[in-house]
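Some notes on the structure that comes next.
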Amino acid sequence: MPLKNIILNIYVVTEGFSEKAFFSMLNRLLREHEINIRFKCEVAEGKTVRKIKKALSMAGRKAENDKNGTLYDYVAVLLDYDVFKRGECSMSDYAKYEKQLCFSEYVFEDFIVSLMPEDKRREWDKICAETNHFAVPMSSEVLERKILAVIPAYKKGTFPFSSLTWDDLSNMRTVFRENINHIEDFIRNSISLSEHKNK
């Protein structure tokens, strides 16, 4: 089999099932465009160090046994930055995984909105400004109410769109406010790196 046809896997640990649903949709899009990478998710069901460590162990074993090969020599850990911004979690708790960490700024719902057309992104920015979300990110309870104004079909634990297109990915334009590794860049870099490795 030619090298260019080898599908490389990217193992990721996610906080919840919304991210997993997004990556399932992204994998479908990558197949349609014949881009030879797939994201393999292990859901931690939370962001405590204990839960992340357990999910990392599971994903790591799967990556080690992967006969197709992996794009990275580590499992990426995708977290929301809201609890770090509010001071509820400390980055020092995750120092061991520093190389692997990527963040939604500030919650995965912000990332979902970044995939939407500009008018919806502006509407969400207005809501975020009114709630001071960029300084003190909204709690889950507040966010779940507010997001319905922009995404009426939103339901926690799911990806609220029936499909994902290349145009949606091209929309990813979050204004980065924090000096952190962003999920958007991780996705872009992964796709670009896979194309380079498969040449």
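The values are calculated or read from the model by the stated rules, or taken from the named source; none is laboratory data. Bear in mind that the values here come from a model prediction, so they are computed numbers and not experimental data. FYI the Cβ positions are ideal-geometry reconstructions off the backbone, even for glycines, and counts take in every protein chain you see. Calculation scope for accessible area: heavy atoms of the full protein, side chains included, ligands and nucleic acids excluded. Shrake-Rupley method; radii C 1.70, N 1.55, O 1.52, S 1.80 Å.
Structure above, values below:
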read-out: Loop GluC sites (Glu not before Pro), the range 113-153, which have at most 15 other Cβ atoms in a 10 Å radius of their Cβ (DSSP); value: none
read-out: Correct choice for Cα extents along the principal axes in Å that was computed from the model, options (1) 43, 36, 31; (2) 61, 35, 27; (3) 55, 37, 27; value: (3)
read-out: The range 1-71 versus the range 130-145: alpha-carbon centroid distance in Å; value: 29
read-out: R86 accessible area, assembled protein chains, probe 1.4 Å, Å²; value: 70
read-out: Extended-chain gain in nm, criterion 0.36 nm per residue less alpha-carbon gap, K155 and F134; value: 5.3 nm
read-out: Over 29 Å between alpha carbons, listed pairs K62/K120; K96/K146; K54/K155; K51/K120; K20/K96; value: K62/K120; K96/K146; K51/K120
read-out: Solvent exposure of the chain as accessible area per residue, Å², 1.4 Å probe; value: 53
read-out: Low-density loop cleavage sites - chymotrypsin sites (Phe, Trp or Tyr not before Pro) in the range 124-199, where at most 14 other Cβ are within 10 Å (DSSP); value: F176
read-out: Ranking by accessible area, most exposed first, for V49, V12, V175 with a 1.4 Å probe; value: V175, V49, V12
read-out: Probe 1.4 Å - accessible area at C89, Å² to nearest ten; value: 40
read-out: Within the accessible area of the range 64-131 (1.4 Å probe), percent carbon and sulfur; value: 44
read-out: Ranking by accessible area, most exposed first, for D82, D125 with a 1.4 Å probe; value: D125, D82
read-out: Theoretical ellipticity at 222 nm over the chain - DSSP helices of four or more residues, -39500 (n - 2.57) apiece, nearest 500; value: -12500 deg cm²/dmol
read-out: Candidate residues D119, D110: accessible-area rank, largest first, probe 1.4 Å; value: D119, D110
